[in-house]
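Remarks on the structure that follows.
No lab work stands behind these numbers, since they all come straight from the coordinates. Predicted model, so just to flag it, every value in this text is computed and none were measured. Quick reminder, even Gly has a Cβ in these numbers, built from the backbone with ideal geometry, and neighbours come from all protein chains shown.
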Amino acid sequence: MLDSKIELLQLVPLFAGLTAEELEAIANAGEKRFFAAGENLITQGEKGDTAYLILTGKASCTRSDKDGVLSDDLWPGTLAGELAMLVETVYGVTVTANERLRALALPRKAFRAVMEARPRVAKHIAERLLVRLHRLASELREVDKKLAQIEKAA
C-alpha cells in the first residue's frame, strides 16, 4: 500500500523530484481517511490545516464567487488544499467526495515535522513555490500590460 501512496505523491507537481525515501516520509506522516459519497474533504471559507491526497475514488472541486460556480473533477493523485499543509489558510474551494473516497490527510504539523527532519524536502518545496510565484508574477505583468493597452484605446 505504501508503494501506491508514493506513486501518487510522485504525480503531485509540488513533490515531483523528491526521492522515494523522502516521499515515503511524507506518506508515513499522513493519516488515511475515508469519506462517504457527498461528504466534504474541505469546505470553502473554512480555516484549514490539512491537505488531502486522493488515493482512490473521485471528488468534485467547486468554487463559488460573484461570477457563479466553477467545478472540476478530481482523481487519484490530486492534492487538494495543499496550501493548508504549509501555512494558515482559509480554503478557497469545496472538495466533495462523489463516491466512497480514500485520502491521505497531510496535516500541517506532521508535514512541518517532515520538513524539519529532512531539510532537503523543505528546500525542494520552497524552490517549487518560488517557481510558481515567479510564474504568477509574470502572468500578472501580462494582464497589467493588456489592461494598460485597453485603457489607452478607450
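Filtering the range 12-29 to residues that are hydrophobic (A, V, I, L, M, F, W, C) and in a loop (DSSP other than H, G, I, E, B) leaves Val12, Leu14, Phe15, Ala16, Leu18.
One line per residue, one yes/no per condition, for (1) more than 26 Å from Lys32 (Cβ to Cβ); (2) in a strand (DSSP E or B); (3) touching a residue at least 12 places away in the same chain (Cβ under 8 Å); (4) not aliphatic (A, V, I, L, M):
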{"residue": "Ile125", "(1), (2), (3), (4)": "no, no, yes, no"}
{"residue": "Arg132", "(1), (2), (3), (4)": "yes, no, no, yes"}
{"residue": "Leu136", "(1), (2), (3), (4)": "yes, no, no, no"}
{"residue": "Glu139", "(1), (2), (3), (4)": "yes, no, no, yes"}
{"residue": "Val143", "(1), (2), (3), (4)": "yes, no, no, no"}
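Let me confirm something: among Val95, Val143, which residue is in contact with a Leu (Cβ under 7 Å, 6 or more places away or on another chain) and more than 18 Å from Leu11 (Cα to Cα)? If you could, list the steps in order and put the result at the bottom.
Numbers: Val143 fails: in contact with a Leu (Cβ under 7 Å, 6 or more places away or on another chain).
The match here is Val95.
Scanning the range 28-45 for residues that are farther than 21 Å from Gly92 by Cβ, surrounded by 11 or more Cβ atoms within 10 Å (Cβ to Cβ) and not aromatic (Phe, Trp, Tyr) yields Asn28, Ala29, Gly30, Glu31, Lys32, Ala37. Summed over the range 58-105, residues that are of a type in the set (D, E, K, R) and surrounded by 15 or more Cβ atoms within 10 Å (Cβ to Cβ) total 4.
For the range 77-124, the set of residues classified as in contact with a Phe, Trp or Tyr (Cβ under 7 Å, 6 or more places away or on another chain) and at positive phi consists of Gly81 only. Elements of the type strands (runs of 3 or more DSSP E) sitting completely within the range 30-85 and holding at least 2 residues that are over 28 Å from Met115 (Cβ atoms) and within 15 Å of the chain's Cα centre (by Cα): these cover 59-65, 68-74.
If you take the residues of the range 106-122 that are within 19 Å of Ala51 (Cβ to Cβ) and free of Cβ contacts under 8 Å to residues at least 60 places away in the same chain, which of them is surrounded by the fewest Cβ atoms within 10 Å (Cβ to Cβ)? If you could, list the steps in order and put the result at the bottom.
Step one: filter the range 106-122 for residues within 19 Å of Ala51 (Cβ to Cβ), giving 106-118, 121-122.
Imposing the further condition that a residue be free of Cβ contacts under 8 Å to residues at least 60 places away in the same chain reduces the set to 108, 112, 115-116, 122.
Details: Arg108: 18, Arg112: 14, Met115: 20, Glu116: 10, Ala122: 15.
The selected residue is Glu116.
Number of residues in the range 104-119 that are touching a Ser or Thr at 6+ places or on another chain (Cβ under 9 Å) and among the basic types (Lys, Arg) equals 1.
For the list (1) farther than 19 Å from Thr50 by Cβ; (2) surrounded by 10 or more Cβ atoms within 10 Å (Cβ to Cβ); (3) free of Cβ contacts under 8 Å to residues at least 12 places away in the same chain, I need the number of the one condition that Lys152 fails. If we test Lys152 against (1) farther than 19 Å from Thr50 by Cβ; (2) surrounded by 10 or more Cβ atoms within 10 Å (Cβ to Cβ); (3) free of Cβ contacts under 8 Å to residues at least 12 places away in the same chain, just (2) comes out false.
The C-beta contact set for the range 36-58 (first residue of a type in the set (Lys, Arg), second residue part of a loop (DSSP other than H, G, I, E, B), distance under 7 angstrom, 6+ apart or interchain) comprises Lys58/Trp75; Lys58/Asn98; Lys58/Glu99.
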